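Undergrad: Take a look at the following structure, please.
The values are calculated or read from the model by the stated rules, or taken from the named source; none is laboratory data. All values reported here derive from a predicted model rather than from experimental measurement. Note: ideal-geometry Cβ built from the backbone for every residue, glycine included; neighbour counts use all protein chains shown.
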Amino acid sequence: MTLSAHGLSVVRAGQAILYPTSVCVSPRDRIGLVGASGSGKSTLGHALVDDLRMQGHVVAYVPQSPDEALDPLWSMAFHWREAEKALGLRPGAADRKTLFSALKIEGGDLRKRPWAWSRGMQQRFVIAMALMGRPNLVVLDEPTSALDPVVAAATMQLLDHCLRESDTAMILITHDLGLAARHVSQLMVMDGGRIVEQASTEDVLEHPKAPASKALSAHRNWLALPC
Amino acid sequence: MLKVDHVSVKRGASVALKDVSFSLAAGKTLAVVGESGAGKSTLISAILGLLKPAQGSITWAGAPVRLCRPALVMQEPRSAFNPTLPLRHSVFEAVKARKLHVGDARLDRLCKGLELERDLLDRRPAAVSIGQAQRVGILRALIAAPSLVLFDEPLSALDAVTQKHTAKLIAQLQKEEGFAALIVTHDLGYAVAHADEIAVLKSGQIEEVSTPQDFAVAPKSAYCRVLRDAAIALGALEPAE
């Protein structure tokens, strides 16, 4: 089923930060939402999640830092139960064992609070919570920026593996075109609250048209630039 | 020259740094990389004298490091400044505390090098972009002419384009000012592109110190290969031909 949201716009303090924007996502799509800081990526991500949920679709959201998703006062088991409740699942209905195995967090003690887990394990737990309801779409906002490179690469690899097994579509919000190039097949480039270019990842990387796409493409790799 | 000589640092019962040794000459850049918890930030604290080594010594030209006026550039630029005061106050706080005199010419030159308008210093942190705030953080670090600048993840809060622009400005200023730069970073692409040497920390120990070329093409230890491969998987480095 194709998910679509039309005319999404956001105004804050009288200023438009997201101009009317439409997004269509098909099952198994891997879309990168890229742009500079303040270009409107996260705002569009939030607006899209809200709109699609109101249409009745199951849409999961993974924030940049696990701190935004996990309450330090409560155990990991409590968070899992809360996520099940939010999805209307009976306790234990979600296939925790399979998800934990796929995301390599079987060893984590669910009786403990988030801070007793490593950052990488916390973020993978948040991804497991996001995937438990077999969502139609998962939106990940800079999911690896709080992680070190080894953990970040492993997390993206495990996420790719999990999504390959399902029809879940993915929107990856990032300012890092290098990361997007490895994990998505299409790119939506944002600038000043608008999508200024939408094309295959290869086209945006090799033949960028919009100025924002050209800047991102030119800066996608440190070694591509003169020091 | 910064000399870290067989330094071990304890944090409570655990050993955060174990027998760490390296040196860094004036005008050169050393990138310190490694996973979270490897001891990178502990190393910065030890060099600044905020943590006392249980063993070993840290010196600049044979004297205590504090005498070379080491400066620190922090990861999160906005929270590194007092949010209630104009940026100018934070920039000149350390200068005043040390009773130093900074002439207009130096301020102008640094502002020009960092592409900052001087009027911007009259604004509060929330009224400037995050990239501008980080450049003011670098200005604050350099204003007292330090011989050694420690950068703790200086670019991680910035977007990809601003990261590269800021890195270029740091490199240009380093050429002009001649300070030694120790850069703690998770971004292996940045380390390879800008450092003269890369030190890999793992569980508080130096795993390998190598040139960027050796790190990118032929890392010696198995752990360094894991790090290099992770950087390739994240698109930060290109696979070797």
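Matching residues to (1) surrounded by fewer than 19 Cβ atoms within 10 Å (Cβ to Cβ); (2) away from every other protein chain (no Cβ under 14 Å); (3) more than 30 Å from A:Val189 (Cα to Cα):
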position: A:Leu48; (1), (2), (3): no, yes, no
position: A:Val59; (1), (2), (3): no, yes, no
position: A:Asp71; (1), (2), (3): yes, yes, yes
position: A:Glu82; (1), (2), (3): yes, yes, yes
position: A:Leu99; (1), (2), (3): no, yes, yes
position: A:Pro114; (1), (2), (3): no, yes, yes
position: A:Gln123; (1), (2), (3): no, no, no
position: A:Val126; (1), (2), (3): no, yes, no
position: A:Met129; (1), (2), (3): no, yes, no
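Undergrad: Got a number for residues in the stretch B:199-237 being free of Cβ contacts under 8 Å to residues at least 24 places away in the same chain and of a type in the set (Val, Ile, Thr)?
TA: Qualifying residue count, the stretch B:199-237: 4.
Undergrad: Can you tell me which residue is farthest from the other protein chains (Cβ to nearest Cβ) among those in the stretch B:141-155 that are assigned to a loop (DSSP other than H, G, I, E, B) and crowded, with 21+ Cβ neighbours inside 10 Å? If you could, list the steps in order and put the result at the bottom.
TA: Step one: list which residues in the stretch B:141-155 are assigned to a loop (DSSP other than H, G, I, E, B), which gives B:143-147, B:153-155.
Now narrow it down to the ones that are crowded, with 21+ Cβ neighbours inside 10 Å: B:154-155.
Details: B:Pro154: 14, B:Leu155: 10 Å.
Filtering first and then ranking leaves B:Pro154.
Undergrad: Among the residues of the stretch A:1-17, is any buried (at least 20 other Cβ atoms within 10 Å of the Cβ), polar (S, T, N, Q) and within 30 Å of B:Ala160 (Cβ to Cβ)?
TA: no
Undergrad: If you don't mind, there's one more thing I want to ask. Taking B:Gly178 as meeting all but one of (1) buried (at least 21 other Cβ atoms within 10 Å of the Cβ); (2) modelled with pLDDT of 90 or more, write down the number of the exception.
TA: Unmet for B:Gly178, out of (1) buried (at least 21 other Cβ atoms within 10 Å of the Cβ); (2) modelled with pLDDT of 90 or more: (1).
Undergrad: Determine, yes or no, whether A:Ala146 is of a type outside the set (Ser, Thr, Tyr), within 14 Å of chain B (Cβ to nearest Cβ), closer than 25 Å to A:Ser75 by Cα and touching a residue at least 40 places away in the same chain (Cβ under 8 Å). Outline the logic, then answer.
TA: Working: of a type outside the set (Ser, Thr, Tyr): yes; within 14 Å of chain B (Cβ to nearest Cβ): yes; closer than 25 Å to A:Ser75 by Cα: yes; touching a residue at least 40 places away in the same chain (Cβ under 8 Å): yes.
When the stated conditions are applied, A:Ala146 passes them.
Undergrad: Just to be sure before I move on: is A:Gly120 of a type outside the set (Val, Ile, Thr), in a loop (DSSP other than H, G, I, E, B) and either out of contact with any helix residue (DSSP H, G or I) (no Cβ under 8 Å at 6 or more places or on another chain) or at pLDDT below 85 (or both) in the structure I sent?
TA: Working: of a type outside the set (Val, Ile, Thr): yes; in a loop (DSSP other than H, G, I, E, B): no; either out of contact with any helix residue (DSSP H, G or I) (no Cβ under 8 Å at 6 or more places or on another chain) or at pLDDT below 85 (or both): yes.
No.
Undergrad: Then there is this: For the stretch B:156-167, which positions are assigned to a helix (DSSP H, G or I), out of contact with any Asp or Glu (no Cβ under 9 Å at 6 or more places or on another chain) and within 11 Å of chain A (Cβ to nearest Cβ)?
TA: If the condition is that a residue be assigned to a helix (DSSP H, G or I), out of contact with any Asp or Glu (no Cβ under 9 Å at 6 or more places or on another chain) and within 11 Å of chain A (Cβ to nearest Cβ), then B:Val161, B:Thr162, B:Lys164, B:Ala167 are the ones that fit.
Undergrad: Could you check how many residues of the stretch B:113-133 are part of a helix (DSSP H, G or I), free of Cβ contacts under 8 Å to residues at least 60 places away in the same chain and within 17 Å of B:Ile170 (Cβ to Cβ)? Show your work before the answer.
TA: Initial filter on the stretch B:113-133 (part of a helix (DSSP H, G or I)): B:113, B:118-122, B:125-127, B:130-133.
Now drop any that are not free of Cβ contacts under 8 Å to residues at least 60 places away in the same chain, which leaves B:118-122, B:125-127, B:130-133.
If we keep only those that are within 17 Å of B:Ile170 (Cβ to Cβ) as well, we get B:130-133.
Looking only at that region, the number is 4.
Undergrad: Here is a follow-up. With B:Ile183, B:Ile138, B:Ile170, B:Ile206 as the choices, which residue is out of contact with any Cys (no Cβ under 6 Å at 6 or more places or on another chain), closer than 30 Å to B:Ala126 by Cα, more than 8 Å from chain A (Cβ to nearest Cβ) and in a strand (DSSP E or B)? Break it down into steps so the answer makes sense when it comes.
TA: On the way: B:Ile138 fails: in a strand (DSSP E or B); B:Ile170 fails: in a strand (DSSP E or B); B:Ile206 fails: closer than 30 Å to B:Ala126 by Cα.
After ruling out the rest, the residue left standing is B:Ile183.
Undergrad: Could you say whether any residue in the stretch A:152-166 is within 14 Å of the chain's Cα centre (by Cα), β-branched (Val, Ile, Thr) and more than 14 Å from every other protein chain (Cβ to nearest Cβ)?
TA: no
Undergrad: Against the definition (of a type in the set (D, E, K, R) and without any contact (Cβ under 8 Å) to a residue 40 or more places away in the chain), how does B:Glu153 come out, yes or no? Steps first, answer last, please.
TA: Numbers: of a type in the set (D, E, K, R): yes; without any contact (Cβ under 8 Å) to a residue 40 or more places away in the chain: no.
The answer is no for B:Glu153.
Undergrad: I'd like to check which strands (runs of 3 or more DSSP E) are fully inside the stretch A:164-227 and have at least 1 residues that are among the acidic types (Asp, Glu).
TA: On the way: elements: A:169-174, A:186-191, A:194-200.
Once the strands (runs of 3 or more DSSP E) in the stretch A:164-227 are filtered for at least 1 residues that are among the acidic types (Asp, Glu), what remains is A:186-191, A:194-200.
Undergrad: Still on this model: Only one residue in B:Ala16, B:Ala105, B:Ala94, B:Ala31 is within 14 Å of another protein chain (Cβ to nearest Cβ) and either outside any helix (DSSP H, G or I) or not hydroxyl-bearing (Ser, Thr, Tyr) (or both), so which one is that? First the steps, then the outcome.
TA: Values: B:Ala16 fails: within 14 Å of another protein chain (Cβ to nearest Cβ); B:Ala105 fails: within 14 Å of another protein chain (Cβ to nearest Cβ); B:Ala94 fails: within 14 Å of another protein chain (Cβ to nearest Cβ).
Among B:Ala16, B:Ala105, B:Ala94, B:Ala31, only B:Ala31 is within 14 Å of another protein chain (Cβ to nearest Cβ) and either outside any helix (DSSP H, G or I) or not hydroxyl-bearing (Ser, Thr, Tyr) (or both).
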